[in-house]
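Structure record follows, encoded as structure tokens.
The values are calculated or read from the model by the stated rules, or taken from the named source; none is laboratory data. Source: prediction; values computed, not measured. Counting neighbours? That spans all protein chains shown, and the Cβs are built from the backbone with ideal geometry, glycine included.
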Amino acid sequence: MTGQVLYNDVELNKVSVQDPYYVNAFEKEIEYLKSLDADRLLAGFRQVKRLKAKAEVYGGWENTEIKGHTLGHYLTAVAQAYAATKDNELLKRVHYMIDELAESQLESGFLFASGEYLFDNVEQGKPAWVPWYTMHKIFEGLIAAYRLTGYRKAYEVFDRLADWVYDRTSRWDEELNLRVLKVEYGGMNDCLYDVYSFTGKEKHLIAAHKFDEMALFSAIRDGKDILNNLHANTTIPKFVDAMKRYMVVEGCEPFYLEACEGFWDMVVEHHSYVTGGNSEWEHFGPPDKLDCERTSCNCETCNTYNMLKLSKGLYQITGKKKYLDFYENTLINAILSSQNPETGMTMYFQPMATGYFKVYSTPYDKFWCCTGTGMENFTKLNDAIYYTREDNGVYEITVGRYVSSELTLEDMPLKLKMEAGFPYDDYCRISLPEVSEGQRLVIRLRIPDWSCSRDLPDVNGSREGIYERDGFIYLDRNWSKNDLVNIRWQMTVTYHDLPDNPHSIAFKYGPVVLSAGLGTEDMTTSKTGVNVTIPTKNIDIKDYILVKGMTVEQWLSRLPEHLIRKPGSDRLEFVLRNTDEDDRLVFSPHFMRYKDRYGIYFVIFDENSQDYKAHLEEEERKRLLELNTIDIIPVGNDQYELKHEIKGENTFADTGNGYIHRGAHPNGGYFSYTMKVDESATNELQLYLSIEGSPVAYRIFVDDTMLVDSSTPGGWPPKIYLERIELPGELVSGKDRVTIKFVNCSERGWFKVYNQIRMVRKSI
């Protein structure tokens, strides 16, 4: 038997959402999807088949090695939107794109917007921007088109494409298999397990197994937190994959479920911020080290998308309330928060450092990964509100999220209507406008983790047949038309600190994270990675709050007295009391903020504490470093390395000793980057090298001029140290960028650069 799903998904067309904020978010996404030209997304696929493109390919990421990924996301989103609306225009788009993809598919089954050479590069250890990741998105779009619209041709296309994957992966020996898996591959086993569930072909199952990382699963299952410096959106899908294997493969293998549950616990409890988001510069950090990693580049939205997929599946399998609690919190505070409600555009990073602001994609010239998952997020806002099951002949409906909506089940028949006012109103009402008279039905209500007190719900004023168990309230009764359930989940303000700094505090009101507006001064942006836009920080913004007349602990222990509803305001706004920021800082729901700088976390100090003084000194050091940084490269990150024109031979990226690194093999292995310089300043190259066993000889060149001929110190145990190298003025004169080349001159041992390479003005 396969892994048992206890709680069934509800089809998108059976749930409609009435909450005005959700309705607007959905409509904005539909407008955007309809504005896109399918032929421009399909252009690369036709060109690979040597067919004439019907339109020019889009710019941004769609004109790079990762082109084609957007079409996969787009196809999924349009199929979801059709399932929810039954809009024939959307259905026609699905059919057209599938027909075009079928025409573009090669005889071998290969279907891609770039040549097969990118897959060759991965196998040969050459730089390539994540072709298997892109392939996963294409598969997902095809599968969604078939599952949600029933279009048979989509099945035929992904069946043949999966045959191609099997043919290619069947040639991998163990060494080559491991080399391929070091490069981000999305959820290839997830989609292949899905394909197998449709086709039943053994070779599709074998191909899926090629992408299972047993060493990773085993370590996490055994409770070893090895996430430090792993690329988050590479790692999370691997556990979505493991969960899918548990669900699909005969034998009901508990190992995979245990690995998934262990991973989820690690990420949520030790690597996540109050919004539910995680990561910095797309990577996990050490466990419980979150305050020190708050920057402009936290919480990639793709990570959140995949954590929600994992959470939903784990709930369906286990029925555990914690997965629903996380889903609600993260959907509101990270997903809803990621969209501009005026334009419908979505975010890449969601900064956790105080003083930044939200930066959104643009419609036709970015096409980030998070643009694609954004399309999917906002076409399934009606997902994961309700779940159903039948237990011993009794039908049960679980309410997983409290949002105004209607559930229609034609086969029962049943119509359930929920009116929820959160976070503005403590009350929620559920009615049954349609139900068979006297029908026995269990309505199962999640008790929210944010409810500070509660009364048992009542049905028409009666509490007969109502009981609580395992974090849920059960309404087990024979129902009549227009029965009314009255629910009250009382809300209050709460604080949430970070494990590495208990005075770094975020606030919530009920289910919503609060942030304080910090003005609109100088909201300029900068670039990182491949055409990724990020906010710049106003260095004058204050990121701390001083408590007056008491200790921080005393102030927090009576928080509802010290963070109060703003007097005279008809909006959900809160102001401080007994601090140096009384009435100046105004906190409101973060998901609704999109025009100004903000602070989610503030460091709270006693007025005269030594910690306060140390904080000011550290912030000054960070300010100067940021101010004087000319360029920075997160090593081992495909996107950012490609942006810096990486070249090399016998080079590799990996993690070890808790750090990500870029390395070069002995006897002349090398890698190089193009980096910005400032000819008006003294430029200093800063890099982290390792003491690891025997010394490793290396040379560093600047535009073919040798700058360094040295070796790392030998020693044990392994240790990372900072190397600072001044660039002579003649090497940067008249230039705004140079090529930095690292060569391994040793006969044995690997030369490695860890974490990041930074070019700074030497004034710091």
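Restricting the search to the range 420-430, which residues are assigned to a strand (DSSP E or B) and either at positive phi or surrounded by 18 or more Cβ atoms within 10 Å (Cβ to Cβ) (or both)? First the steps, then the outcome.
Looking only at the range 420-430, we keep the residues that are assigned to a strand (DSSP E or B), and these are 420, 427-430.
Passing the criteria: A420, C428, I430.
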In the range 210-234, residue nearest to V130 (Cα to Cα) [restricted to those that are among the β-branched types (V, I, T) and part of a helix (DSSP H, G or I)]: T234
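Okay, residues lined up against (1) under 30 Å from T275 (Cα atoms); (2) within 29 Å of the chain's Cα centre (by Cα); (3) not hydroxyl-bearing (S, T, Y):
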{"residue": "G393", "(1), (2), (3)": "no, no, yes"}
{"residue": "G400", "(1), (2), (3)": "yes, yes, yes"}
{"residue": "S404", "(1), (2), (3)": "yes, yes, no"}
{"residue": "D411", "(1), (2), (3)": "no, no, yes"}
{"residue": "E419", "(1), (2), (3)": "yes, no, yes"}
{"residue": "E437", "(1), (2), (3)": "no, no, yes"}
{"residue": "I443", "(1), (2), (3)": "yes, no, yes"}
{"residue": "I447", "(1), (2), (3)": "yes, yes, yes"}
Matching residues, the range 694-746, being closer than 17 Å to H661 by Cα and among the acidic types (D, E): E723
The lone exception for V743 - which of (1) closer than 30 Å to E618 by Cβ; (2) not in a loop (DSSP other than H, G, I, E, B) it fails: (1)
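Go over the candidates A242, A207 one by one and state the one that is in the same structural domain as V157 (by TED's automatic domain parsing), assigned to a helix (DSSP H, G or I) and under 22 Å from V130 (Cβ atoms). Walk me through it before giving the result.
Working: A242 fails: in the same structural domain as V157 (by TED's automatic domain parsing).
Going through A242, A207 in turn, the sole match is A207.
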Those residues of the range 518-542 which are of a type in the set (S, T, N, Q), exposed (fewer than 13 other Cβ atoms within 10 Å of the Cβ) and in a loop (DSSP other than H, G, I, E, B), in sequence order: T520, T524
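Condition check ((1) touching a strand residue (DSSP E or B) at 6+ places or on another chain (Cβ under 7 Å); (2) within 22 Å of G438 (Cβ to Cβ); (3) polar (S, T, N, Q)) across all residues:
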| site | (1), (2), (3) |
| --- | --- |
| S451 | yes, no, yes |
| R454 | yes, no, no |
| D458 | yes, yes, no |
| N486 | yes, yes, yes |
| T494 | yes, no, yes |
Counted residues, the range 543-588 - those being among the aliphatic types (A, V, I, L, M) and in a loop (DSSP other than H, G, I, E, B): 3
Matching entry among K309, K321, K289 (being within 19 Å of H73 (Cβ to Cβ), touching a residue at least 12 places away in the same chain (Cβ under 8 Å) and surrounded by fewer than 24 Cβ atoms within 10 Å (Cβ to Cβ)): K309
Residue under evaluation L118, criteria (1) in a helix (DSSP H, G or I); (2) crowded, with 23+ Cβ neighbours inside 10 Å; (3) aliphatic (A, V, I, L, M), criterion not met: (2)
Long-range neighbours under 8 Å by Cβ, at least six apart or interchain, first residue touching a residue at least 24 places away in the same chain (Cβ under 8 Å) within the range 605-632, second part of a helix (DSSP H, G or I): F605/V552; F605/D611; F605/Y612; F605/H615; D606/V552; D606/Y612
Subset of the range 553-580 (residues that are out of contact with any Lys or Arg (no Cβ under 7 Å at 6 or more places or on another chain) and touching a residue at least 60 places away in the same chain (Cβ under 8 Å)): L556, L559, P560, L563, L572
Residues located in the range 691-733, provided they are within 37 Å of the chain's Cα centre (by Cα) and without any contact (Cβ under 8 Å) to a residue 24 or more places away in the chain: P717
Among (1) surrounded by fewer than 16 Cβ atoms within 10 Å (Cβ to Cβ); (2) in contact with a strand residue (DSSP E or B) (Cβ under 8 Å, 6 or more places away or on another chain); (3) of a type in the set (D, E) - the single one E684 does not satisfy: (1)
Selected residue [closer than 27 Å to E626 by Cβ, in a loop (DSSP other than H, G, I, E, B) and of a type outside the set (D, E, K, R)] from P351, P363, P341: P351
Any hit, the range 269-283, residues being in contact (Cβ under 8 Å) with a residue 60 or more places away in the chain, farther than 24 Å from A77 by Cα and among the hydrophobic types (A, V, I, L, M, F, W, C): yes
Some residue of the range 472-482 being free of Cβ contacts under 8 Å to residues at least 24 places away in the same chain, at negative phi, over 27 Å from the mean Cα position of the chain (by Cα) and surrounded by fewer than 17 Cβ atoms within 10 Å (Cβ to Cβ): no
Some residue of the range 94-107 being modelled with pLDDT under 95, under 28 Å from the mean Cα position of the chain (by Cα) and over 24 Å from D212 (Cβ atoms): no
Test: residue in the range 518-534 that is closer than 19 Å to Q350 by Cβ, in contact with a Phe, Trp or Tyr (Cβ under 9 Å, 6 or more places away or on another chain) and at pLDDT 95 or above: yes
Single residue of the range 507-543 satisfying the filter (small (G, A, S) and in contact with a helix residue (DSSP H, G or I) (Cβ under 9 Å, 6 or more places away or on another chain)) that is farthest from K358 (Cα to Cα): G529
Residue that is nearest to S296 (Cα to Cα) [pool: residues in the range 529-550 that are aliphatic (A, V, I, L, M) and in contact (Cβ under 8 Å) with a residue 40 or more places away in the chain]: I534
Those residues of the range 39-91 which are of a type outside the set (D, E, K, R), part of a helix (DSSP H, G or I) and surrounded by fewer than 18 Cβ atoms within 10 Å (Cβ to Cβ), in sequence order: Q47, N63, T85, N88
Selection from the range 615-637 of residues that are assigned to a helix (DSSP H, G or I), of a type in the set (A, V, I, L, M) and closer than 19 Å to R761 by Cβ: L624, L625, L627
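Kindly provide the set of residues from the range 642-663 that are in a strand (DSSP E or B) and surrounded by 17 or more Cβ atoms within 10 Å (Cβ to Cβ), ordered by number.
G648, T651, F652, A653, T655, Y659, I660, H661, R662, G663
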Whichever residue in the range 457-471 is under 39 Å from the mean Cα position of the chain (by Cα) and loosely packed, with under 13 Cβ neighbours inside 10 Å and, among such residues, is farthest from G319 (Cα to Cα): Y467
Any hit, the range 664-679, residues being over 25 Å from E280 (Cα atoms), surrounded by fewer than 16 Cβ atoms within 10 Å (Cβ to Cβ) and not acidic (D, E): yes
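Is at least one residue of the range 639-656 of a type in the set (K, R), modelled with pLDDT of 95 or more and out of contact with any Leu (no Cβ under 6 Å at 6 or more places or on another chain)? It would help to see each step written out before you state the result.
Initial filter on the range 639-656 (of a type in the set (K, R)): 643, 647.
When the remaining residues are screened for being modelled with pLDDT of 95 or more, the result is none.
No, there is no match, as no residue in the range 639-656 is of a type in the set (K, R), modelled with pLDDT of 95 or more and out of contact with any Leu (no Cβ under 6 Å at 6 or more places or on another chain).
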Condition check for F367: touching a Gly at 6+ places or on another chain (Cβ under 8 Å) and modelled with pLDDT of 95 or more: yes
